[in-house]
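Engineer: Can you keep this structure in mind? I'll have questions shortly.
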Amino acid sequence: MLVLCVETTCDETAAAIVDDAYQVRASVVASQHELHERFGGVVPELASRAHLERLLPVIDEALRQAGVVLAEIDAIAVANTPGLAGSLLVGLSAAKALAVAVDKPLATVNHVEAHIFACRIAAGRDIFPCIGLVASGGHTSLYEVRDPLDFRRLGGTLDDAAGEAFDKVASLLGLAYPGGPAIAAAAEGGNPRAYQLPRSFRGDPTRLDFSFSGLKTAVRYLLHPPSGPPRPALSPRELADLAASFQEAVVDVLVEKSLAALTQTGLSRLAVGGGVAANARLRERLAAETAAAGAQLLLAPLELSTDNAVMGALAIERLRAGLAAPLDAEVAPTLRLPRRAD
Ligand code: KG4
Ligand code: ZN
């Protein structure tokens, strides 16, 4: 079975062709970063218009790379939740049209669940049950994942997502968008203990929530004190130290809460997905601390951690379970997943 997967939830237009052994036959990602960079964040209307222009060429390129024609595709998969409403609509409408054109089933996937499923694809074997940490530009949550179709939310951010904090702090520091890679680069050689920054809900292993807005405000006040004389511009060393201190504060809470989720559930595998999972310091700390705790860490390579269409192969699990989507399926911009207690 060959599945054509479509991803347009935010600012990457992507298509992939994956078979039912989870072998990736083609993966194409057209990033819109250059369109949004000067605004310091994604502009929803620009994003949906760019998806509209780019999606069919991106799908054509995926078919070309895989060496197949549309008629050889057995199902069409698309992420229909969560994301920007206009962007989701472009992907879903295209996927429906293709499913009708080739008379093959449509399957919808949840983008956040798909981020965790990227670890399954990368592992090349079953990874469930596991704890899933999704840290992206729009979401930062922990899940108990019993199987690929059973995600229970254990906790998550009460305000900004981790990636959003990277993006906003990068903008405060005058660094490029997206902020994650820019802060990681600026932090190289910096002292992660140079600045004391807040770490929310730390030290309470029963609370699996995050909050990053206080951290962002702390950086703002360091740069622009609310009272007293304005602060002189940061020296290159101070910039490296502040970027490293900020990154360490985010990494500290992501690692601590992930390990607490393993302890709380008795599970021994941790899968980490979403753009922030591409962060080298996070990967290094997770590797060391899961090993020390006797747990197994599952990370996808960088190109499967940030937004991509390959992870939409989660649709194969849905199709196997008889969960094809109807042709009147809708987009759901807001994430809806049951909590663990539900
Ligand atoms: O998963 P993703 O590609 O898109 C969403 O679903 O949001 O995540 C994008 C987020 C952005 O906020 C970006 O700054 C962050 O992931 N990111 C990183 C790194 N690479 C991307 N954050 C920290 N370190 C990185 N190396
Ligand atoms: Zn994402």
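Engineer: Taking only the Cα atoms of the stretch 127-302, how large is their convex hull per residue, in Å³? The partial results should precede the final answer.
Structural biologist: Details: hull volume 19.5 nm³, N = 176.
Spelled out: Cα convex hull of the stretch 127-302, divided by residues, is 111 Å³.
Engineer: What is the Cα radius of gyration of the chain over 2.2 N^0.38 Å, N being its residue count?
Structural biologist: That ratio works out to 1.00.
Engineer: When the helices in the chain are scored as -39500 (n - 2.57) per DSSP H run of 4 or longer and the sum is shared across all residues, what 222 nm value do you end up with, to the nearest 500 deg cm²/dmol?
Structural biologist: Calculated mean residue ellipticity at 222 nm is -13500 deg cm²/dmol.
Engineer: Moving to a separate point now. Would you list which lysines come within 21 Å of Lys168, measuring only between C-alpha atoms, while excluding same-chain residues fewer than 8 positions from it?
Structural biologist: Correct list for Lys168: Lys216.
Engineer: Here's a follow-up. Helix check for the chain. Which DSSP H runs span at least 24 Å along their own axis by Cα, with a mean Kyte-Doolittle hydropathy no less than 0.0?
Structural biologist: 85-102, 236-265
Engineer: Still on this model: Quickly work out the Arg38-to-Arg231 label distance, labels modelled 7 Å from Cα along the C-beta direction, and quote it in nm with one decimal.
Structural biologist: 2.9 nm
Engineer: Within the stretch 1-31, list the residues whose amide N lies under 11 Å from a label point set 7 Å along Cα→Cβ of Arg320.
Structural biologist: From the stretch 1-31, the list is 20-22.
Engineer: What whole number of Å gives the distance from the Cα centroid of the stretch 273-290 to the Cα centroid of the stretch 108-171?
Structural biologist: 13 Å
Engineer: With an 8 Å Cα cut-off and a minimum separation of 6 or more residues, compute the relative contact order for the stretch 127-302 in percent.
Structural biologist: 28 percent
Engineer: So what are the stretch 207-248's ellipsoid semi-axes, whole angstrom, largest first, if each one is the square root of 5 times an eigenvalue of the alpha-carbon gyration tensor? Don't jump to the answer; show the numbers that get you there.
Structural biologist: Working: eigenvalues 104, 48, 4 Å².
Semi-axes from the Cα gyration tensor: 23, 15, 4 Å.
Engineer: Follow-up question, since we're still on this one. Tell me the relative contact order for the chain as a rounded percent, counting alpha carbon contacts under 8 Å between residues six or more apart.
Structural biologist: Taking the mean separation of contacting Cα pairs over the length of the chain, I get 23 percent.
Engineer: On to the next question. How many Å² of accessible area per residue for the stretch 184-342, probe 1.4 Å?
Structural biologist: 48 Å²
Engineer: Report the FRET efficiency, 1/(1 + (r/R0)^6), for Val69 and Leu327, where r is their Cβ-Cβ distance and R0 is 25 Å, rounded to 0.05.
Structural biologist: For Val69 and Leu327, the calculated efficiency is 0.65.
Engineer: Give me the percent of accessible area attributable to carbon and sulfur for the chain, probe 1.4 angstrom.
Structural biologist: 53 percent
The values are calculated or read from the model by the stated rules, or taken from the named source; none is laboratory data. The model shown is predicted, which means the values in this text are computed figures rather than measured ones. Neighbour counts are summed over all protein chains in view; Cβ atoms, including those assigned to glycine, are modelled from backbone coordinates with ideal geometry. These area figures cover heavy atoms from the full protein model, side chains too; ligands, DNA and RNA do not enter into them. Shrake-Rupley method; radii C 1.70, N 1.55, O 1.52, S 1.80 Å.
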